[in-house]
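Peer 1: Before we start, here is the structure in question, set down as structure tokens.
Nothing in this text is a laboratory measurement; each read-out follows from the coordinates by a stated rule. These figures come from a predicted structure and were not determined experimentally. No Cβ is skipped: glycine too gets one built from the backbone with ideal geometry, and neighbour counts run over all protein chains shown.
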Amino acid sequence: QVQLVESGGGLVQAGGSLRLSCAASGLTFMRATMGWFRQAPGAEREFVSAITWGGGSTYYKDAVKGRFTISRDNAKNTVYLQMNSLKPEDTAVYYCAAGYRNYASGLQTDYEYWGQGTQVTVSS
């Protein structure tokens, strides 16, 4: 069975940083595109970032470009999201997702597997 487990969330002040991790198991990780999504209070889930299996292609939501960096360590079956210069509007539950795609997709429908999320709260 496939499991995606997020960690690294927490409470941080505006301007601070957090690094999220997603550990995958039961998945052919090296050929899976990995993505991060988030859901803020009262809002629908939205795309944040994605990375292809080889790490050669990344894709970011415009609002996080220059602040967030996605990366992956295939030897550890883990994908990361480094979040810098955090803003209150980044507050959300962040979800890790995996899909058997050969491109960095921002579409929820392109991901077959999902984690249960980790809370990120940014105070002003």
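Peer 1: Tell me, what ³J(HN,Hα) does each residue in the stretch 110-123 have, in order and in whole Hz, if you take phi through Karplus 6.51 cos²θ - 1.76 cosθ + 1.60 with θ = phi - 60° and put x for Gly and Pro?
Peer 2: 8, 10, 8, 10, 9, x, 9, x, 9, 7, 10, 10, 10, 8
Peer 1: Related question: Can you give the Rg to Rh ratio for the chain, taking only C-alpha atoms and Rh from Kirkwood? Kindly include the intermediate steps, with their values, before the conclusion.
Peer 2: Working: Rg = 13.3 Å, Rh = 14.1 Å.
Computed over Cα atoms, the ratio is 0.94.
Peer 1: Let me spell out the model: positive unit charges on the Cβ of Lys and Arg, negative unit charges on the Cβ of Asp and Glu, origin at the Cα centre of the stretch 73-124. What dipole size does that give, in debye rounded to 20?
Peer 2: Working: 3 positive and 5 negative charges, 17 e Å.
Once rounded to the nearest 20, the dipole reads 80 debye.
Peer 1: Across the stretch 80-97, in residue order, what do the Karplus-derived ³J(HN,Hα) couplings come to in whole Hz, using 6.51 cos²θ - 1.76 cosθ + 1.60 with θ = phi - 60° and x for Gly and Pro?
Peer 2: 10, 9, 7, 10, 10, 6, 5, 10, x, 6, 7, 4, 4, 8, 9, 10, 8, 9
Peer 1: Based on the mean of other beta carbon atoms within 10 Å per residue, what is the order of 14-24, 56-66, most packed first? Numbers along the way, then the final one.
Peer 2: On the way: 14-24: 17.0, 56-66: 13.7.
Going by the mean number of other Cβ atoms within 10 Å, highest first, we get 14-24, 56-66.
Peer 1: Something else about it: Given +1 on the Cβ of Lys and Arg, -1 on the Cβ of Asp and Glu, and no further charges, what dipole in debye does the chain carry about its Cα centre, rounded to the nearest 20? Each step should come with its number before you reach the end.
Peer 2: Details: 11 positive and 9 negative charges, 55 e Å.
The dipole of the chain has a size of about 260 debye.
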